[in-house]
């Protein structure tokens, strides 16, 4: 969270408490699972956990990359936990989730970036929860189609990959990941029969024309689901917020995205990639 600056009124968040919040927290802890809600300091954790939803983080909570916008720990990860898919599947069942969102840290230490583990996790969730729909928020897997294909083969309802920011700012805030690689990932998903989704942050110093360019680039991959939210600095070592974009400006950007032809657009200050994810299924 941004330090030393007072947040504007439109960035007020629901308190992280309540009966359902406690149930989700207890289940996550007792099953030795991770969520991006906590690892990433998500501002919507109170709202989402009280609604009985969470975005599960697989392959541990230590990332091999150190992006300047992300609160997730970075370093040398532990080997994949082979019991994690079964525990996650059982947690989804206990929570009676109709829609499950899964993401992961980057695992550049693994030969396929963790794609095989991803596939195993999806299969396990489907086996235990055959009626639950799944969204996968995947890393870039270095843009390798053979790794992305392992996710596509499991047919999750949505395959999300975030471009995070505009082209010019990408080298400043992302490590290893490249703007064009992210576009290639989205295009690969669409061309191979997947249903892609992407998102990016505002408030990092982007210009209006760059936002429009980014939307156009994402749209041209075939992606039709877009999320746009306000960047909030998670800690003192991370990129500082350049500006707090007012809700009215987000409204303008939402109209811009819809005018491009996106089918689903979530665009407001507290939006994150998995916010209202259950509403992003194409019918």
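Read-outs throughout are calculated quantities, based only on the coordinates presented, and are distinct from any laboratory measurement. Bear in mind that the values here come from a model prediction, so they are computed numbers and not experimental data. Please note: Cβ atoms are built from the backbone with ideal geometry, for glycine as well, and neighbour counts cover all protein chains shown.
In nanometres, what is the gap between the two model label sites at residue 86 and residue 172, each 7 Å from Cα along Cα-to-Cβ?
Here the answer is 4.8 nm between the modelled labels.
On full extension of the chain, what length is gained from residue 258 through residue 109, given 0.36 nm per residue of separation minus the C-alpha to C-alpha distance?
Length gained between residue 258 and residue 109: 49.7 nm.
If neighbour count is taken as other Cβ atoms inside 10 Å, put 253, 231 in order from fewest to most.
253, 231
Arrange 144, 255 by Cβ neighbour counts within 10 Å, fewest through most, would you?
With the fewest neighbours first, 144, 255 line up as 255, 144.
Normalised by the number of residues in the range 127-231, what is the relative contact order in percent for Cα pairs under 8 Å and 6+ residues apart?
Answer for the range 127-231 is 29 percent.
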